[in-house]
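**Q** Just passing along the structure, written as structure tokens.
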Amino acid sequence: QDFDLSGTEVTIGTAQAQVLNIGTLRMIEILQGWGADVTRVELPTISGLEAIIADRVDVASRSSDEILIGQARGVDVVAIGAPISTMHYAIVSSPGVNEIADLDGKAIGTSGPGGFNGMLFRYILKQNGLTPEEDVAIVPVGGSSERAAAILAGQVQATVVYIDNWLALEAQGANAQLLGYVSDIVPGLSSRAVFAERAYIEENAELASAIACANLEVNHWINSSKEDFVSYTMDNVRGANEEAVSKFYDVAMQIGMFPTEPAALLDTSGYQKLADLLYDGGELDTELDASGFVDASYLEEAAGMGCGTGEMSG
Amino acid sequence: MKKRSKAQVRRDQIVGLVIFLSVWEIAARLLGNKLVLPSVSQILAALGDLIASGELITAMAESIWLLIVGLIVSTILGFVLGALVARSRTAYWMLNPYFSALFATPTIALVPLVLVWFGFGFPGRVIVVVLAAVVPIMFSVASGLRDDPKDLVDVARSFGVTGELQLLYRVRVRAALPVLLAGLRLAAGRGVVGMAVAETYLRLGGIGGLIKSYGSMFQTDYVFASILPLSLLGIAIVSVIGRIERRLHWT
Amino acid sequence: MLANLKKPSLYLPLLSLVIVFGGWELVGRSINPLLFSPPSVVAAEFVELYRSGVLIEAAQVTMRALFLGYAMAVIVGVPFGVVMGAFDRFGDILQPYLYAIFATPRVVLVPLIVVWFGIGFEARLFLVFFWSAIAISANTAQGVRHARPDLVEVARSFRVTRLQLARHVLIPGAIPFVLAGLRIGAERAIVGVIIGEMFLQIVGLGGVIQQGSSELVPAQMLVAVVIIASAGTLIVTALDMLERRFQNWKGA
Amino acid sequence: MKDSDVEVPAIQLRGVRKTFRLSEDRNAKTVLALDGIDLTIRKGEFLTIIGPSGCGKTTLLRIMASLEQHDEGEVIVEGEPVSEPGIRRAMVFQTFGLFPWKTVIDNVTFPLTVRKFPADEARNTAMKHIRRVGLERFVDAYPHQLSGGMQQRVGLARALSTGADILLMDEPFGAIDAQTRELMQEELLRIWDEERKTVIFITHDLDEAVLLADRVLLMSRGPGRVRELIDVDLPHPRFEYDVRGHENFAKVRGHIWQQLRNDLVQQREEEAS
Amino acid sequence: MKDSDVEVPAIQLRGVRKTFRLSEDRNAKTVLALDGIDLTIRKGEFLTIIGPSGCGKTTLLRIMASLEQHDEGEVIVEGEPVSEPGIRRAMVFQTFGLFPWKTVIDNVTFPLTVRKFPADEARNTAMKHIRRVGLERFVDAYPHQLSGGMQQRVGLARALSTGADILLMDEPFGAIDAQTRELMQEELLRIWDEERKTVIFITHDLDEAVLLADRVLLMSRGPGRVRELIDVDLPHPRFEYDVRGHENFAKVRGHIWQQLRNDLVQQREEEAS
Ligand SMILES: Nc1ncnc2c1ncn2[C@@H]1O[C@H](COP(=O)(O)OP(=O)(O)OP(=O)(O)O)[C@@H](O)[C@H]1O
Ligand SMILES: Nc1ncnc2c1ncn2[C@@H]1O[C@H](COP(=O)(O)OP(=O)(O)OP(=O)(O)O)[C@@H](O)[C@H]1O
Ligand SMILES: [Mg+2]
Ligand SMILES: [Mg+2]
């Protein structure tokens, strides 16, 4: 059976249309195919959480840590799906820095204080026996592209950027190298989520199931054909580089970015690990129990209906 | 001062442009790093591509509409506020500090508030443009109107112009026009910036969205090709103002 | 008849202060505290940040780049503007570029600035200085072009040099323009330093804003915004005073 | 004009006093420009004002026009105390006061436009007066394209075209050559004669002062005071008789000359001591 | 001055012509302001220029000062063709040309400051001339605080304090009352006599034109042309003799008067036809 969402209006806040974000785009198309009236809003600096609090979007498809921050601040937002399931960062370094340990005495660029990737980088450094701030200077730098520029300009010797950003840079012939993907260095962290306020989800259960189903369908579609993914991305992402997109696909497959199993797609333990990490890093003041706000039931229900097999979305 | 003819100005500007572009092209080629500084020819190629795909036209249309509406609102508001502040002590002390404060507050910092109150629809974006452009207009109006053409005000008063309002539009605004237009020029530039902020920070769209998208893909040549129309837009507004100024100027 | 701006009676600013802050408090309380804060909360946050020393350090970092960059912009911008206005050929050629750069949002240029100037103090200085100087130059040039032709002539008849012409005739006549430029330049400078601190290396008051915004602590953000806005108000008011000083020959 | 109006003077000044402060602060040097001016100007009178440079003539006229606030005393125009400029008084400014951004015609029609006259009526009235001052070739020129004398005549045409009852003229012929000046004087006297306007006219030309006036107000140097009011008993219309040849002309002129001389001598003595 | 200089005229004009265009575009109305002016002004000569309003007197003076470019012809100052203003020529402007943002003293010292005179020397020179024009009480006043006549005298003091050899004066006494004017004329003649300056002096006062001049240049209306150059044969120093009573004075004055009349009549006839 199919979903009939005619008459359902929903505003979805997404990240910028990047290669990384192609899953959300496709998901929205499927929802529209089922008759939903979807308004997609690309939110640049404003977080999906802020947009939800301000009552300007119903559902957000954004970074997972937004849910944790929201929960810590008493905003009851719940994850019901994930456009990307494993960590989407790459650690990039200047030539000469070939492993994390080489960063001793060097400077690295992360996002601002309170930013997730700074905390992540600190964790990785500690894992490699380096003391942040003492052995390594941590320089907070604006956004992913500014960090990339900082490494090109030799201002920092390593930084963390989105995987697709790194691949685009590499395709443009940037003078930098990959130290590794975060999903390999620190496996099991959740990356992005489709979320909304609990009350909204409960009132719109039909929509929630549809979103979950579309989520599974998209992942199936991505897994089943590289060509389709590449050509779809080339059509929908401005300035995408075909070579980089193709490479991105391979990396995504390698690190399991788009699973079709509900349990893998939305893994509570990934959130729990994230929450613990944030708490340890001092970014969260409270310990959080992820099981309270990661709700895979819609995904499971959808899987039971046969979603994730490529049959639902035609 | 001797005025140079329009043709002379045009000719000088073209020569200047040619020199500027040549220097750029040579520098870019010497540097040989497209990521850092794409050459003029690369940018033009990207521009051609953007035009051919229709992306640029759609984005420009969206942005220009936003800009025009925003600037009109800013001008009206800026005039009223500027006149008030220049002509009334009460208004000056009641309004000026807050507008100075607003003036100094980066528009980006206000984006979340705009989101709450106006959303990221068209009204919200217009508000961002107005926030960026209104205070400079207000300041130059105030500055211009404070520069009191006493003799001419006397003339006007003696010939039956009564009330601050009439004096304002019959003499003061006219006498202050050069200052006003100079301010308006800069405000228009600010408006363009506000527009881009609205389009990159409130909600991606228009020409600002274009720049941001290509920026995150590190397509520097496309970034320049998208910034170019923005700068041209700035110049276009400035030259429209210049034309008005020429027409209104008496020497 | 004319408004006399010189003698503010005390109650007006106070009254408006009460209205504005009262309104803010009311509005602030009615909005979700994760998005906006009333002044009472901001004040508490201010005290906390002040005690911890974060604020002082941040303000120092910001003000250093701001004042140095702005001072440079004034020192370079005014003479440059006079030159552009006085040598109109030079001005005509350069003008479009200045306005083009001025109309180009710095936020989109940030990655280029990182590549050209890095992410540190120099880059912030550049962000402050360049756009501010352009605003000042462009307006000064306009003012110089609108110099009263009869007075220029008087000066010429006494064989002034270009420099003397500027000093005695062009600049005094262009004061309203220059000051309007200085005000807009001040704003460009302030926004410049904040952009630098939010998008380049995250430090100073811009960094405080960035942190407050990413952690959903609007009060922290507003503390920084209020400080920046106050600095701006001070600069603008100082320029107003200056304007009146320069125009004392008008009596009025 | 109604007959009952005849008794009401056009302008009355009672004990008018005016001081200027040379800078903003309280202790700044002050200049006493006018001191205790009492003056009654009859309706339809032609009064000329003469006196040394800086004696307060312009200030007096500006006070009559309500362009300047006096410190003490009263200014009564047609029976009413005034404090704002009014359309029944029109002023010709010593420094011309033309709007640099308006052409000649627009400058002249300005007072009419302000009073919302229909455009073509305003234009016709303006053209009539522009022709009177001999500038029909320059209707579309801007002030800076005119010679000094021409600019002054534009200011004159503007005041005339308002149709005001009271003309306040501050050295209106000061920048005009002798011949054109004579034409203008004739023209002004004709208008005055026909329309019975009240004219207050500052000049520093003795001949002009006597030739045009019903009465001459002689002001004294220093704190501007009324030194003397001299009736000019000469036949009208003045340009049809050779008034310059009239014995009274020489007499009055001689008297004023003597008075102004005395003023100067007196001042020099004061300075010497 | 060296003796060998005596032959070189102060200013020579040869076939000078000047047209003004009334607006930017090519087909705009033009005004022929000066047409074929030939004129030689001797060193140390006092030349007055008289002519109807708008005949081009100011334009002519401005061309002599190199403030205006002429279309045709040559301007030679002390033997050299000139195209830029020079410090040996000082101008008194018809519209005063004071800097509103400078006080009286600063306006007067301006030309000296520009030439880097030591401050106190400049001040002394300036004060000397400010006293000469009777404004010592107003050294620190701003122009807008002065009466018209006082402003004009500031302009005069400024030109005098430059010490230029050639004074170009555009109706310098136009806004000054008869008595003060006489003082100023005397003062000017004294300076001229003592320092043997070349003075070119525009006036619309016939008496003044004759009283001061060695020669009077009479200009004709319309396209400004030299109508006549009249030698004034009167004894020097003029203020010690009663030159007004001299028979030549009346003769010259009458002649010029007649010429100006004719000009006017001629113009009226042209307009009528
Ligand atoms: N705005 C002002 N501020 C200060 N002093 C002023 C102001 N206006 C006029 N005065 C002074 O008042 C006195 C009279 O000036 P006023 O202009 O009335 O003279 P006037 O008789 O018209 O002279 P003139 O014949 O030269 O035009 C002068 O001493 C002048 O300095
Ligand atoms: N800048 C200009 N543009 C156009 N026309 C001008 C300009 N300056 C002067 N003229 C014209 O040139 C003619 C001569 O002007 P000029 O000022 O030399 O006269 P003038 O003899 O000094 O008159 P007055 O005695 O009234 O001062 C006038 O017809 C005037 O309109
Ligand atoms: Mg006067
Ligand atoms: Mg003239």
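**Q** If a helix is a whole DSSP H run, which ones in chain C reach 18 Å or further along their own axis (Cα) and hold a mean Kyte-Doolittle hydropathy of at least 1.0?
**A** C:11-30, C:54-86, C:171-199, C:218-246
**Q** Here is a follow-up. Ignoring ligands, DNA and RNA and using a 1.4 Å probe, state the total buried accessible area between C and B in Å², rounded to the nearest 100.
**A** For C against B, buried area totals roughly 6500 Å².
**Q** Taking 0.36 nm per residue of separation and subtracting the Cα-Cα distance, what length does fully extending A:ASP235 through A:GLN254 add?
**A** Length gained, A:ASP235 through A:GLN254: 4.5 nm.
**Q** Give me the percent relative contact order of chain C, please, defined on Cα pairs under 8 angstrom at least 6 residues apart.
**A** Computed value for chain C: 25 percent relative contact order.
**Q** Rounded to the nearest percent, how much of the accessible area of the range B:40-250 (1.4 Å probe, protein heavy atoms only) is carbon and sulfur?
**A** 73
**Q** Summing Lys, Arg as +1 and Asp, Glu as -1, what charge do residues with Cβ under 15 Å from the Cβ of A:LEU25 carry, A:LEU25 excluded?
**A** Within the 15 Å Cβ shell, the charges total -1.
**Q** Once a ≥ b ≥ c are taken as the square roots of the eigenvalues of the Cα gyration tensor of chain C, is the result rounded (a/c under 1.5), prolate (a/b larger than b/c) or oblate (a/b not larger than b/c)?
**A** oblate
**Q** With a 1.4 Å probe, how much accessible area is buried between chains B and A, both sides summed, in Å² to the nearest hundred?
**A** When B and A are taken together, about 2300 Å² of accessible area is lost.
**Q** Using θ = phi - 60° and the Karplus relation 6.51 cos²θ - 1.76 cosθ + 1.60, list the HN-Hα couplings for the range E:111-125 in order, rounded to whole Hz, with x at every Gly or Pro.
**A** Working through the residues one at a time gives x, 7, 4, 4, 8, 6, 5, x, 4, 6, 5, 4, 5, 4, 4 Hz.
**Q** Still on this structure, please answer the following. Between C:ILE19 and E:ASP120, how high is the FRET efficiency from 1/(1 + (r/R0)^6) when r is the Cβ-Cβ distance and R₀ = 56 Å? Nearest 0.05.
**A** Efficiency at R0 = 56 Å is approximately 0.50.
**Q** Name the long-range amide H neighbours of A:ARG192: under 5 Å, sequence gap of 5 or more, or other chain; modelled H, no Pro or chain starts.
**A** Those qualifying (amide H under 5 Å, at least 5 residues apart or on another chain) are A:SER64, A:ILE84.
**Q** How much FRET efficiency would the formula 1/(1 + (r/R0)^6) give for D:GLU72 and D:THR40, where r is the Cβ-Cβ distance and R0 is 25 Å, rounded to 0.05?
**A** The pair D:GLU72/D:THR40 has a calculated efficiency of 0.90.
**Q** Oh, and also: Please list 3J(HN,Hα) in residue order for the range B:158-173, calculated via the Karplus relation 6.51 cos²θ - 1.76 cosθ + 1.60 where θ = phi - 60°; whole Hz, with x for glycine and proline.
**A** 5, 9, x, 7, 10, x, 4, 5, 5, 4, 4, 8, 8, 10, 5, 4
**Q** Taking the Cα centre of the protein assembly as shown as the origin, how large is its charge dipole in debye, to the nearest 20, when only Lys and Arg (+1) and Asp and Glu (-1) carry charge on their Cβ atoms?
**A** 4960
**Q** Of C:VAL115, D:THR113, A:SER209, whose Cα points farthest to the positive end of the dipole of the protein assembly as shown (charges on the beta-carbon: +1 Lys, Arg; -1 Asp, Glu; origin at the Cα centre)?
**A** Of the candidates, D:THR113 comes out farthest on the positive side.
**Q** Let me ask something additional. Between the range E:65-136 and the range C:179-244, what's the alpha-carbon centroid distance in Å?
**A** 48
**Q** For label points placed 7 Å from Cα toward Cβ, what is the shortest-first list of nm distances from D:VAL265 to its copies?
**A** Relative to the other copies, D:VAL265 has label-point distances of 4.3 nm.
**Q** Using a 1.4 angstrom probe, figure out how much accessible area the protein assembly as shown has per residue, in square angstrom, rounded to the nearest whole.
**A** It amounts to 39 Å² per residue over the protein assembly as shown.
**Q** Treating the point 7 Å from Cα along Cα-beta-carbon as the label, what are the nm separations from D:GLU228 to the other copies, to one decimal?
**A** Copy-to-copy label distances at D:GLU228, shortest first: 3.7 nm.
**Q** Need one number: nm distance between label points at E:GLU240 and B:PHE20, each 7 Å from Cα along Cα→Cβ, rounded to one decimal.
**A** So the two model labels end up 7.1 nm from each other.
**Q** To the nearest 0.05, how large is the calculated FRET efficiency for A:ALA205 and C:ILE75 if R₀ is 56 Å and r is the Cβ-Cβ distance?
**A** Efficiency for this residue pair is about 0.25.
**Q** Given +1 on the Cβ of Lys and Arg, -1 on the Cβ of Asp and Glu, and no further charges, what dipole in debye does chain A carry about its Cα centre, rounded to the nearest 20?
**A** In total the dipole reaches around 840 debye.
**Q** Compute the distance from the alpha-carbon center of the range C:50-94 to that of the range D:139-172, in whole Å.
**A** 48
**Q** In addition: Check the protein assembly as shown for me: any Cys whose beta-carbon has no other cysteine beta-carbon within less than 4.7 Å?
**A** D:CYS55, E:CYS55
**Q** When the accessible area of each residue in the range C:194-211 is compared between its chain alone and the complete protein assembly (1.4 Å probe; ligands, DNA and RNA ignored), which residues differ by at least 40 Å², being lower in the assembly?
**A** C:PHE199, C:ILE202
**Q** Starting from the Cα of B:ARG247, step 7 Å along the direction of its Cβ; do the same at D:ARG196; then give the gap between the two resulting points in nm.
**A** 4.9
**Q** In Å³ and rounded to a whole number, note down the convex hull volume per residue for the Cα atoms of the range B:40-250.
**A** 134
**Q** If you don't mind, there's one more thing I want to ask. Can you give the net charge of the other residues whose Cβ lies under 11 Å from the Cβ of B:ASP221, counting K and R as +1 and D and E as -1?
**A** Overall, the nearby charge balance is 0.
**Q** How many Å² of accessible surface get buried when E and C come together, counting both sides, probe radius 1.4 Å, rounded to the nearest 100?
**A** Approximately 2100 Å² gets buried when E meets C.
**Q** Expressed as a rounded percentage, what relative contact order does the range C:59-188 have, with Cα pairs under 8 Å and six or more residues apart?
**A** Computed value for the range C:59-188: 36 percent relative contact order.
**Q** List every residue whose amide H lies under 5 Å from the amide H of E:ILE202, counting only residues 5 or more places away in sequence or on a different chain, with H placed 1.01 Å from N in the peptide plane.
**A** Here E:ILE49, E:MET169, E:ASP170, E:GLU171 satisfy the definition.
**Q** Next question, about the same structure. Using only alpha carbon pairs under 8 Å that are at least six residues apart, calculate the relative contact order of chain B and give it in whole percent.
**A** 25
**Q** Within the range A:1-44, name every residue whose backbone N is under 13 Å away from a label modeled 7 Å from Cα of A:GLU242 along the Cβ vector.
**A** Label zone hits: none.
**Q** Are any of the pairs D:LYS128/D:LYS197; D:LYS43/D:LYS102; D:LYS128/E:LYS57; A:LYS106/B:LYS34; D:LYS18/D:LYS116; A:LYS106/A:LYS126 more than 24 Å apart by Cα-Cα distance, and if so, which?
**A** Flagged as over cut-off: D:LYS43/D:LYS102; D:LYS128/E:LYS57; A:LYS106/B:LYS34; D:LYS18/D:LYS116.
**Q** Points 7 angstrom from Cα along the Cβ direction at A:GLU301 and D:ARG88: gap in nanometres?
**A** About 8.9 nm, to one decimal.
**Q** Below 16 Å, Cα to Cα, which aspartates and glutamates can B:LYS6 reach? Residues fewer than 8 away in the same chain don't count.
**A** B:GLU245, C:ASP88, C:ASP92, E:GLU24, E:ASP25
**Q** Using modelled amide H (1.01 Å from N, peptide plane; none on Pro or chain starts), what sits under 5 Å from the amide H of C:LEU200, excluding residues fewer than 5 places away?
**A** Residues meeting the criterion, in which the H sits 1.01 Å from N, are A:GLY142.
**Q** A further question on this structure: With θ taken as phi - 60° and the coefficients 6.51, -1.76 and 1.60, list the Karplus ³J(HN,Hα) couplings across the range E:61-78 in order, rounded to whole Hz; mark glycine and proline as x.
**A** 5, 5, 5, 5, 7, 6, 8, 10, 7, 8, 7, 9, x, 9, 10, 10, 10, 6
**Q** Could you work out the longest stretch of chain A that avoids the GluC sites (Glu not before Pro) located in DSSP loops with at most 10 other Cβ atoms within 10 Å?
**A** With a cap of 10 other Cβ atoms within 10 Å, the longest stretch comes to A:135-314.
The values are calculated or read from the model by the stated rules, or taken from the named source; none is laboratory data. Since this is a predicted model, take the numbers as computed values, not measurements. Every residue, glycine as well, gets a Cβ built from its backbone with ideal geometry; the counts of neighbours run over all protein chains shown. Heavy atoms of the whole protein, side chains included, go into the accessibility calculation; ligands, DNA and RNA do not. Shrake-Rupley method; radii C 1.70, N 1.55, O 1.52, S 1.80 Å.
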